[in-house]
Amino acid sequence: MVNSISSGRDAYESVLRSLENHHAMIKQSLPMIASENVPSQAVREALASDFGNRYAEGWVGERVYAGCKYLDEVESVAIELGKKLFKAEFIDVRPISGVLANLCAFTTFGNPGDVLLACTIPTGGHISHSKKSLGGTAGTVRELDVVNYPFDEENFTIDIDKTAQFVRELKDQGRPPKIFVLGASVFLFPHPVKEIVELAKGYDAKVIYDGAHVAGLIAGGIFQDPIGDGVDAFTMSTHKTLAGPQHGAIVSWSKYAEPIKRVIFPGLLSNHHLHAVAGVAIAFAEALEFYPDYARNIVINSKTLAQALFERGINVLYEKKGFTESHMMIMDVTKYGNGFEVEKRLEKANIIVNRNLLPYDKRMGRDYKAPGGIRVGTQELTRLGMKKSEMEEVADFFKKVICDNKDPAKVALEVAELKKGFQKVNYCFSSTKDAYEYIKIR
Ligand SMILES: *Cc1c(COP(=O)(O)O)cnc(C)c1O
């Protein structure tokens, strides 16, 4: 922690020092948290611009403030590109995060008391889809009656037949389903979108696809096409596999445009982080040019890394399904302690991952503080230009730390050595700056 602060000057210097220290640390680390990425320098430039100090309430061209000429130009570009990338009639790029995009969708399509189906957290679901008893957004903020899909743990997917049976029973109890949420935080394989869309039709229910994690893979055409498969709304974060600024968006159909716009403003937002909107416009432009290649390489790397870890004795789950079709994998590390301990050991080697619940953890009496799993993503290493041979090296580092109990401080040196060769952001328009360069504009 920081030393005690005695003056404003001390605090000022302490904060700036922490920022620089963070950059130095991340520069020599392997950032492998599946929900993160490194944006291009152009996105960082947008984030540092004066756009972040302005308001532009309302819709493009109909703002309630003056001074919006260039803000409108940029937001129009984001909207045009977003519609093209996600093959959609409508996109709203104002939600300032993925959770807020979800809350917008829940508010547009549901009322308090309505039944919403989602995955549990151990089966990959996100806290924003969760029940009131867990403090989840759907239950707590929108007061939806959240119930969970029957899940096929063996294949790590929603069990369609049991879900059909389950919603029939719910209807018989006078609780017909109103919203089906798809998408997840542990998102290894495409969800059964077409099947759920078909099922939802029979109940006049809506389907929301939460593509927070996989938006970049979808933009690159390599995962699934939720709008093409008929969902009512597709929500996302713009900073996971889509390597933009931390922000959100909601994609939908013209028929829902007006209600969605009204929920966002005046309902959920006043300012909408216009510097981030500019960053999103740039990230979408990069996606259009470079993501077919980027997304493909992310998935090649995650399959390669999963296989390499598995061959080194680490229990990466779902081998028989090829481990993953996305940017991430999940592994059971209970042979070596728990997810918390393994996360901390890897951190000492400058390998940054997160502990994660496994589908069967609850039954084994494990909770999120010390779960049995680790979740690992390859999207950021791929963006830095790493390919298959580097994935083999990364797997060696994991083995040294997790299985062979090597001194993590020694492994950290090897990690830093590998990382030296991967300091530029790829799959974007060129820049002279390094990926994690600390840029002073004081
Ligand atoms: C990360 C995540 C979110 C939340 O995203 P924020 O942009 O951080 O609000 C929503 N849904 C899922 C499935 C996620 O994994």
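A count restricted to the stretch 187-209 and to residues that are in contact with a Phe, Trp or Tyr (Cβ under 8 Å, 6 or more places away or on another chain) and within 16 Å of the ligand (Cβ to nearest atom) stands at 9.
Among the residues of the stretch 89-112, is any polar (S, T, N, Q) and under 20 Å from the mean Cα position of the chain (by Cα)? Yes: one or more hits.
Considering (1) touching an Asp or Glu at 6+ places or on another chain (Cβ under 9 Å); (2) touching a residue at least 24 places away in the same chain (Cβ under 8 Å); (3) more than 12 Å from the ligand (Cβ to nearest atom); (4) part of a helix (DSSP H, G or I), the lone condition that Ile79 does not fulfil carries the number (2).
Kindly evaluate Gly52 against the criterion of being free of Cβ contacts under 8 Å to residues at least 12 places away in the same chain and over 30 Å from Phe187 (Cα atoms). Here the answer is no, as Gly52 does not meet what is asked.
Close contacts from the stretch 119-139, counting a first residue that is in contact (Cβ under 8 Å) with a residue 60 or more places away in the chain and a second that is of a type in the set (Asp, Glu) and surrounded by fewer than 24 Cβ atoms within 10 Å (Cβ to Cβ), with Cβ to Cβ under 7 Å and a gap of 6+ residues or different chains, come to Pro122/Asp361. From the set of residues in the stretch 111-137 that are among the hydroxyl-bearing types (Ser, Thr, Tyr) and within 18 Å of Val207 (Cα to Cα), which is nearest to the ligand (Cβ to nearest atom)? Among those that are among the hydroxyl-bearing types (Ser, Thr, Tyr) and within 18 Å of Val207 (Cα to Cα), it is Ser128. Scanning the stretch 60-97 for residues that are over 14 Å from Leu274 (Cα atoms) and among the β-branched types (Val, Ile, Thr), we see that the one that is surrounded by the fewest Cβ atoms within 10 Å (Cβ to Cβ) is Val64. If we keep just the residues of the stretch 246-263 that are surrounded by 24 or more Cβ atoms within 10 Å (Cβ to Cβ) and outside any strand (DSSP E or B), which is farthest from the ligand (Cβ to nearest atom)? By that ranking, first place goes to Ile260. Taking residues in the stretch 20-33 that are under 22 Å from Arg375 (Cβ atoms), and partners anywhere that are among the small types (Gly, Ala, Ser) and surrounded by 18 or more Cβ atoms within 10 Å (Cβ to Cβ), the pairs with Cβ atoms closer than 6 Å and at least 6 places apart or on different chains are Met32/Gly377. There is no residue in the stretch 12-28 that is among the aromatic types (Phe, Trp, Tyr), surrounded by 13 or more Cβ atoms within 10 Å (Cβ to Cβ) and at negative phi. Of all the criteria given as (1) part of a helix (DSSP H, G or I); (2) open to solvent by 40 Å² or more (accessible area, probe 1.4 Å); (3) of a type in the set (S, T, N, Q), the one not satisfied by Ser270 is (1).
Just a yes or no: is a residue in the stretch 199-211 outside any helix (DSSP H, G or I), open to solvent by 30 Å² or more (accessible area, probe 1.4 Å), touching a Pro at 6+ places or on another chain (Cβ under 7 Å) and without any contact (Cβ under 8 Å) to a residue 40 or more places away in the chain? Yes, the stretch 199-211 contains a residue that is outside any helix (DSSP H, G or I), open to solvent by 30 Å² or more (accessible area, probe 1.4 Å), touching a Pro at 6+ places or on another chain (Cβ under 7 Å) and without any contact (Cβ under 8 Å) to a residue 40 or more places away in the chain. Here Asp161 passes the criteria (1) surrounded by fewer than 16 Cβ atoms within 10 Å (Cβ to Cβ); (2) over 23 Å from Gly372 (Cα atoms); (3) within 16 Å of the ligand (Cβ to nearest atom) except the one numbered (3). Examine the stretch 233-241 for a residue that is in contact with a Leu (Cβ under 8 Å, 6 or more places away or on another chain), of a type outside the set (A, V, I, L, M, F, W, C) and open to solvent by less than 50 Å² (accessible area, probe 1.4 Å), and state whether such a residue exists. There is at least one residue in the stretch 233-241 that is in contact with a Leu (Cβ under 8 Å, 6 or more places away or on another chain), of a type outside the set (A, V, I, L, M, F, W, C) and open to solvent by less than 50 Å² (accessible area, probe 1.4 Å). With respect to Asp152, is the statement that it is open to solvent by 10 Å² or more (accessible area, probe 1.4 Å), touching an Asp or Glu at 6+ places or on another chain (Cβ under 6 Å) and free of Cβ contacts under 8 Å to residues at least 60 places away in the same chain true? Yes, satisfied.
Among all residues of the stretch 178-186, there is none that is more than 16 Å from the ligand (Cβ to nearest atom), in a helix (DSSP H, G or I) and either at pLDDT 95 or above or more than 20 Å from Lys87 (Cα to Cα) (or both). Candidates Phe290, Phe223: the one that is open to solvent by 10 Å² or more (accessible area, probe 1.4 Å), in a loop (DSSP other than H, G, I, E, B), under 21 Å from Leu85 (Cα atoms) and among the hydrophobic types (A, V, I, L, M, F, W, C) is Phe223.
The values are calculated or read from the model by the stated rules, or taken from the named source; none is laboratory data. Small disclaimer: the values here were computed from a predicted structure and weren't measured. Cβ sites come from the backbone with ideal geometry, for glycine too, and all protein chains shown count toward neighbours. What goes into the accessible areas is simple: the full protein's heavy atoms, side chains included, and nothing from ligands, DNA or RNA. Shrake-Rupley method; radii C 1.70, N 1.55, O 1.52, S 1.80 Å.
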